[in-house]
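These notes are about the structure you will find just below.
The values are calculated or read from the model by the stated rules, or taken from the named source; none is laboratory data. What you see is a predicted model; the values in this text were computed from it and never measured. Cβ coordinates were reconstructed from backbone atoms using ideal geometry, including for glycine residues, and neighbour counts include every protein chain displayed.
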């Protein structure tokens, strides 16, 4: 019994152990499931937060991409608009060209119709001329019968008269042919002579004016130059001392100023601003200051270069700067620096021929017009100002006297001053050095017309094309074509003998008959 009880107890213990283990295992599995649920919920929450963050980042990136695409699209649209504007301009120009061609075609058609009418008229005249020739042949035959009854002297006189009329026409034809050939040969010779002259004297002379122009890439740049309420243009004018003129001229802005150095600084500054595109008062002032410094270096280098060319040594810095400024001054269209260089060379040549110091003479000639670099800033004539400048720079007395007296009409105190006077006159008066004054120009035109009107066969005359052509109106009732050619040749010959002028003067004789009738 005890054994059975033990077995039963053991079975009961085992069953209880299994039951307890089952309940423990179930409890532990339930706890594990609850913990897994909590962890899954946390992971799901973290995943949702991460997904929301990724979605927000994606949305921001998409927004940035959209903005960038919009900017690119706007740039492409602007570029397309610009291209369309350019295309529209080209189309407008092409339409204008087509209109011009249409007008030319209409004119040519009109000319062709006129030419056809002239041909018809010429044909009728030719037929009339043939009938006149037939009549003249009959008349000649009748005259031959009369000649047969003439004496020897009468026949000789008649033959001489007819020969004279025939020879006069042939002589006029030969003269015109010879004149044409002579003009062709003269033109060839003139081209050769001009080429030789250019080769011998390859010196560039430029005429400076009081205005300069700066090209703009587009007309929109004018608004940027003016600025809001004109602040940019006022800042530029205040910084440079030059007036800025912005008008309707396409692609150009004009800078006006009497002082050439300031105007050159303004031109260079404006070109830099236009190229850079940044135009505002602070930038304008910065660019003008920088350009003024560059201009000072250019002036200094120019002065050093001309002194080196003439081998003039030991010049003071102020003299070098003033010589460089002469590059931007002109007198009667002649550049003062080029003129001073020429006077220096000529003075040295003359001095070497008469036994003077060649180097000192070149120094006097180079510095003789140095006063023109500052004559607009100080009172007095440029010889007086120049003499004061070289005196302050401790130049030799010969240089001071030559500078002061190179325009003097009184006896000079130094041979070097005389040499400089001669060289100055040679450089200024040689052909092509300076423009003709207005007074001489008007007198030459009046003299041309007076020469033509002195002939009784001339009704009136007009000097045109700045005196390069003389139009002469002949009295048709007093002269025929042969006389008109002879008088025209005489007028041209008289002009050659009495006047001095550059190039050539073309004399055109006009003879016409005007007949007026009134239909009442």
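Tell me which residues, restricted to segment 274-285, are assigned to a helix (DSSP H, G or I), in contact (Cβ under 8 Å) with a residue 24 or more places away in the chain and more than 19 Å from the chain's Cα centre (by Cα). Spell out the reasoning first.
Residues of segment 274-285 assigned to a helix (DSSP H, G or I): 274-276, 281-285.
After this cut, where a residue has to be in contact (Cβ under 8 Å) with a residue 24 or more places away in the chain as well, the list is 274, 281, 284-285.
Result: 281, 284, 285.
Kindly establish whether residue 292 is over 29 Å from residue 217 (Cβ atoms), within 26 Å of the chain's Cα centre (by Cα), touching a residue at least 24 places away in the same chain (Cβ under 8 Å) and not in a strand (DSSP E or B).
no
Test residue 231 against the stated conditions and say whether it is at pLDDT below 85, outside the structural domain of residue 362 (by TED's automatic domain parsing) and either under 30 Å from residue 349 (Cα atoms) or part of a helix (DSSP H, G or I) (or both).
no
For segment 399-415, indicate whether the set of residues that are at pLDDT 85 or above, in contact with a strand residue (DSSP E or B) (Cβ under 8 Å, 6 or more places away or on another chain) and surrounded by 14 or more Cβ atoms within 10 Å (Cβ to Cβ) is non-empty.
So far as segment 399-415 goes, no, none of its residues is at pLDDT 85 or above, in contact with a strand residue (DSSP E or B) (Cβ under 8 Å, 6 or more places away or on another chain) and surrounded by 14 or more Cβ atoms within 10 Å (Cβ to Cβ).
Looking at segment 413-436, I want the residues that are assigned to a loop (DSSP other than H, G, I, E, B) and have a partner that is modelled with pLDDT of 85 or more with Cβ atoms under 6 Å, at least 6 apart or on another chain. Which pairs are those?
If the second residue must be modelled with pLDDT of 85 or more, the pairs left are 413/401; 414/398; 414/401.
If we scan segment 317-332, do we find a residue that is closer than 16 Å to residue 418 by Cα and either buried (at least 21 other Cβ atoms within 10 Å of the Cβ) or touching a helix residue (DSSP H, G or I) at 6+ places or on another chain (Cβ under 8 Å) (or both)? Break it down into steps so the answer makes sense when it comes.
First pass over segment 317-332, keeping only residues closer than 16 Å to residue 418 by Cα: none.
No - not one qualifying residue is present in segment 317-332.
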